[in-house]
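The values are calculated or read from the model by the stated rules, or taken from the named source; none is laboratory data. Everything numeric here is computed off the predicted structure, so don't read it as measured data. Cβ coordinates were reconstructed from backbone atoms using ideal geometry, including for glycine residues, and neighbour counts include every protein chain displayed. Ligands, DNA and RNA are stripped out before the accessible areas are found, and what is left, the full protein with its side chains, is counted by its heavy atoms. Shrake-Rupley method; radii C 1.70, N 1.55, O 1.52, S 1.80 Å.
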Amino acid sequence: MTRKTEMVVLACGMALFWGSFAQAGTPQIVGIRPFGVQRGVSSEVTIGGSNLGGNPRLIGPFAFRIDPVDPKRSSALAWTFKLTVLPDVALGVYPVRVQTDEGLSNPFLFAVGQLPQFAEKEDNTTFEAAQALPAPPLVVEGETAGNDVDYFRFAGKKGQVVVVDAQCARIGSGVDPTIRLTTAAASRRFVASADDSPGLLTDARLVAELPEDTDYVVEISDSRYQGAGRPVYRLLIGPVPVADEVFPLGGREGETLGLELRGGTLGERRIAAASLVRLPGTFLCAPRLTTAMLGLPASGGPGLDVESLHQLVTGTLPELREPGDPSASPLRAVAPIVFNGRIDPPGDEDRFVLAVPAGQRLHIEMEASKYGSALDGVLQVQGMKGSVIASADDTTIEVPGQQAGQGGIALPDPALDLTVPGGTTEVSLVVRDLEGRGGVGFPYRIVVTPIVPGFDLQANQPQVSVPRGGTAALGVTAARKEYNGPIIVTVADPPAGLTVRPGTIAPGQNVGALSISAVPTAAFAAVPLKLIGRGQGPDGPIEVEATRELVFAKQSILPTSTLTQRGVAAAPALPTAVTFEAPSQPIEIAHGFGGTIPITVVRAKSGDAALQITPLLLPPGLAVPAASIAGKSALATVAVNTTLEASVGTMTIALQAKGKVAGGEQTIAIPAVTLNLVRPAELVLSTPAVQIKPGTTTEVKGKVERKGAFNEPVTVRLNGLPAGLKAEAVIVAPGASDFIMKIIADAKAAAGSATAHLVSAYQVGKKAYPTSPLALPVKVQAAR
């Protein structure tokens, strides 16, 4: 922690609380110092941010012990404590949160290491003023904001193989590091340098054999000399084991996976095994691979773990690994399947065969760069005679907040959708590197799945704090894939004390909401909630788990440190002085018109403030004007207006109330409300079918069921009558509902049957409203 930060922390007093219902707000993390710790060693850690004063607890996916320090050293702006990460925790960078009595914070990246740690000491911004370090291996933490350049000196021996690893993006930093290793002599003999090392995105790592017994200097800076955002780094220096390749990149969750490690300081291929137990709330597994497990000699660093391993991805599909013999026949499989391979040697081209029926549709996606591979993959699909059916290079993703037409970000992992041509029973997947590279460090996965109607589901927020005795609302966004039906969103297996009010995304719509409520005595631990969406597809039920892409660092618009979170992290929070009750049954509203939602306000003694109710999330075509609730009032009515842009059907919306409650500004969620948008008018027949003889007249009786405020005239016509029959349209006047339509049969009408259709026509908002026809069986009897 810098001297400036220390002064801020010491100057801050404990946060003020406003009674038992006070909510200073959920905690927020803006920084952690140090950026990581050495496992097995008690280290003082300070988490900075806001609202950290309410009984803070550290939440992380690894085993640790917390020891308190003098409480006077902590405040609502900073929490200081002693942290000991248990010695058997796997090395890596993990998302951590702070839980207080007020709820759960945002995630923040925190490193778990195995080496002694040291902090940068200014002024080390010139070669001559390089900061002297103890004998490596070690980690030094520092900052390089703007055009700052930092220098560090250490003693080295001739023939010693050292690693210099600048961990920046991997710990959530905005620095794009470049590193340089020279001798400390005035001649500055160049040894090695690195910038944007393959497989590390924008981070840099070098492995070098030292040329002589002397002191060496490591130089680190932002390659653009504009270190911004959070311009921090962890610089690993010394003879530690690292691998340039771990193969495969992942496997099936719950299985034990055989691994091969190559390159870096390991020399020849090393074999190890890892149990694929995923980290809570992620798709990743953090393996621990020790030098003893790999059979490394003493020079490889006995007792140390392999450093800087990328976490392994876990999945549920069957997995196959390319044969080790290059002359072996290509692997053959059917979808869904995951192929694991690597491009080795340079210029290598791998091939896999899929058995496919003609017309089958497949999604084929490569996973390489995102999991630490140096591969810039090119994917090609070939037919049975070698003809190219499809190919893909980079994948372009949209940038949130960027306007349409401005393009996106090109990622090096290709993906494509394939429709198998007629007459084709198998296709070949051909993989190569764009620039013909290969060797150690070029592994990949190819995930092949059938394309079926469905959807992807994204949680709109990464975490939620649920007041005891109150409610929290969750928004979701669906990306539809040829499925246009309703989507029911809920939480699978909620913890004890938590109840769920599921939400519905209407047919054709993409946004929805649900709410979760906690009993007054809820005491569940911070937990990732499994948020799922369900639909009914043509081939059976659809069930999709919601995810959330967490971005910890980016350069310009390019995310450089991301994590896919499964579901939503949740924790209980203090009760609020105001809670709400809302209808649990759907509220019917005429499409194109408006309706109201009754809200009951439950107030504690300190909750008599006036409140303003506004929507949290609305699908297109809905509007909820702000509604005011007078102080001490126990009832409220919220208006909902709809346009024809809204979908007919069931949909769920979320509302929230804002006001100065219990002495502070608060936003309080209202239980989710489901609306049932119905057509303004529907035809109902009293006559289910018609039989008529030639030369006679019969009547069709029915009524117009009006909904809500709809009171326009409705014209009813009968289309598709058999030849020789006719019926004049009738107009149902405003305010009326019943109608009688006469069907007249010509004397020469031929006997037979047909299905006619009763069609209504009316206007909503001076526009013709689209209606659905109502079938009416008509039978013309034979003349006697």
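With a ≥ b ≥ c taken as the square roots of the eigenvalues of the C-alpha gyration tensor of the range 149-285, please select rounded if a/c is under 1.5 and otherwise prolate if a/b is larger than b/c or oblate if it is not?
Since a/c reaches 1.5 but b/c is at least a/b, the shape of the range 149-285 is classed as oblate.
Straight-line reach from LYS72: which lysines fall under 19 Å, measuring Cα to Cα and dropping same-chain residues less than 8 apart?
Hits, sequence-local ones excluded: LYS4, LYS82.
Using DSSP to define loop residues, name the GluC sites (Glu not before Pro) in the range 642-724 whose beta-carbon has at most 11 other beta-carbon atoms within 10 Å.
When the GluC sites (Glu not before Pro) of the range 642-724 are filtered for loop state and at most 11 Cβ neighbours within 10 Å, GLU645 remain.
Find which of PRO583, GLY48, THR564 sits farthest along the positive direction of the dipole of the chain, computed with +1 on the beta-carbon of Lys and Arg, -1 on that of Asp and Glu, about the Cα centre.
PRO583
Rg to Rh for the range 267-376: what is it, with Cα atoms only and Rh by Kirkwood?
Rounded to two decimals, Rg/Rh equals 1.01.
What is the magnitude of the charge dipole of the chain about its Cα centre, with +1 placed on the Cβ of each Lys and Arg, -1 on the Cβ of each Asp and Glu, and no other charges, expressed in debye to the nearest 20? Intermediate values should be presented prior to the final figure.
Values: 66 positive and 71 negative charges, 645 e Å.
So the dipole magnitude of the chain works out to roughly 3100 debye.
Tally Lys and Arg at +1 and Asp and Glu at -1 over the other residues with C-beta under 14 Å from the C-beta of ALA570: what net charge comes out?
Surrounding charge for ALA570 is +3.
Would you give the gap between the C-alpha center of the range 211-227 and the C-alpha center of the range 244-309, rounded to a whole Å?
So the separation of the two Cα centres works out to 29 Å.
Given Cα positions, please report Rg to Rh for the chain, the hydrodynamic radius being the Kirkwood one.
Numbers: Rg = 33.1 Å, Rh = 30.8 Å.
With Rg and the Kirkwood Rh in hand, the quotient comes to 1.08.
Explain nothing, just the number: dipole magnitude of the range 454-542 about its Cα centre with +1 on each Lys and Arg Cβ and -1 on each Asp and Glu Cβ, in debye rounded to the nearest 20.
180
Would you kindly derive the ³J(HN,Hα) couplings of the range 232-248 from the backbone phi angles with the Karplus curve 6.51 cos²θ - 1.76 cosθ + 1.60 (θ = phi - 60°), listing them in order in whole Hz, with x for Gly and Pro?
With coefficients 6.51, -1.76 and 1.60, one gets 10, 8, 10, 10, 8, 9, x, x, 10, x, 9, 10, 7, 8, 10, 10, x Hz.
Give LYS742/LYS779; LYS385/LYS481; LYS707/LYS766; LYS632/LYS660; LYS693/LYS779 a once-over and call out the pairs whose C-alpha atoms are over 20 Å from each other.
LYS385/LYS481
How much net charge surrounds THR667 when only the other residues with a Cβ under 12 Å from the Cβ of THR667 are counted, with Lys and Arg +1 and Asp and Glu -1? Present the calculation step by step, with values, prior to reporting the outcome.
On the way: positive: LYS658, LYS660; negative: GLU665.
Its environment carries a net charge of +1.
Under a 1.4 Å probe, what is the accessible area of the range 277-392 per residue, stated in Å²? Mind dumping the intermediate values first?
Numbers: 5090 Å² over 116 residues.
On a per-residue basis, 44 Å².
Rounded, prolate or oblate: which one fits the range 513-611, using the alpha carbon gyration tensor with axes a ≥ b ≥ c (rounded when a/c is under 1.5, else prolate when a/b beats b/c, else oblate)?
Here the range 513-611 falls in the oblate category.
When the accessible area of the range 683-743 is computed with all protein chains present and a 1.4 Å probe, what percentage of it is carbon and sulfur?
Carbon and sulfur atoms account for 47 percent of the accessible area of the range 683-743.
What number comes out for accessible area per residue over the range 37-135 if the probe is 1.4 Å? Units Å², please.
39
Let a ≥ b ≥ c be the square roots of the eigenvalues of the Cα gyration tensor of the range 578-712; is it rounded (a/c under 1.5), or, if not, prolate (a/b larger than b/c) or oblate?
On the way: a/c = 4.09, a/b = 3.35, b/c = 1.22.
Verdict is prolate for the range 578-712.
Post the alpha-carbon centroid distance, the range 528-603 to the range 751-784, in whole angstrom.
Distance between centres, Cα-based: 42 Å.
Work out, step by step, the length gained on full extension between ASN676 and LEU558: first 0.36 nm times the residue separation, then minus their alpha carbon distance; give nm to one decimal.
Stretched out fully, the ASN676 to LEU558 stretch lengthens by 38.3 nm.
So if I place +1 on the C-beta of Lys and Arg and -1 on the C-beta of Asp and Glu, and nothing else carries charge, what would the dipole magnitude of the range 616-704 be about its Cα centre? I want it in debye, nearest 20.
In total the dipole reaches around 180 debye.
Full extension from LEU434 to ASP456: what is 0.36 nm times the residue separation minus their Cα-Cα distance, to one decimal in nm?
Values: separation 22, 0.36 × 22 = 7.92 nm, distance 2.98 nm.
Separation in residues times 0.36 nm, less the Cα-Cα distance, equals 4.9 nm.
What translational diffusion coefficient, to the nearest whole µm²/s, does the range 67-130 have by Stokes-Einstein, given a Kirkwood radius computed over alpha-carbon pairs, a temperature of 10 °C and 1.306 mPa s viscosity?
104
For labels at GLU268 and ASP215 in the simple 7 Å Cα→Cβ model, what's the distance in nm?
The modelled label-to-label distance comes out at 4.0 nm.
What number comes out for the charge environment of PHE154, summing +1 per Lys or Arg and -1 per Asp or Glu over other residues with Cβ under 13 Å away?
Taking every Cβ under 13 Å from that of PHE154, the sum is -1.
How would you rank 772-782, 173-183, highest first, on the average number of other Cβ atoms within 10 Å across their residues?
173-183, 772-782
Explain nothing, just compute: Karplus ³J(HN,Hα) = 6.51 cos²θ - 1.76 cosθ + 1.60, θ = phi - 60°, for every residue of the range 519-524 in order, whole Hz, x for Gly and Pro.
Result, rounded to whole Hz: 5, x, 9, 4, 9, 5.
Go through 246-258, 734-746, 547-559 and give me the packing order, highest mean Cβ count within 10 Å leading. Mind dumping the intermediate values first?
Numbers: 246-258: 18.7, 734-746: 14.7, 547-559: 16.8.
Going by the mean number of other Cβ atoms within 10 Å, highest first, we get 246-258, 547-559, 734-746.
Find which of ALA459, ALA756, ALA186 sits farthest along the positive direction of the dipole of the chain, computed with +1 on the beta-carbon of Lys and Arg, -1 on that of Asp and Glu, about the Cα centre.
Selected residue: ALA756.
Just to confirm the filter: which trypsin sites (Lys or Arg not before Pro) across the range 320-385 are DSSP coil and have at most 15 other Cβ within 10 angstrom of their Cβ?
On the way: sites: ARG321, ARG332, ARG342, ARG351, ARG361, LYS370, LYS385; in loops: LYS385.
Here the trypsin sites (Lys or Arg not before Pro) that fit, given the DSSP loop and packing criteria, are LYS385.
Taking only protein heavy atoms and a 1.4 Å probe, what accessible area per residue, in Å², does the range 639-748 have with all protein chains in place? Each step should come with its number before you reach the end.
Details: 5100 Å² over 110 residues.
Heavy-atom SASA per residue in the range 639-748 reads 46 Å².
Filter the GluC sites (Glu not before Pro) in the range 334-375 to those in DSSP coil with at most 14 other Cβ atoms within 10 Å of their Cβ, and list the result.
Passing both the DSSP loop test and the Cβ count: GLU349.
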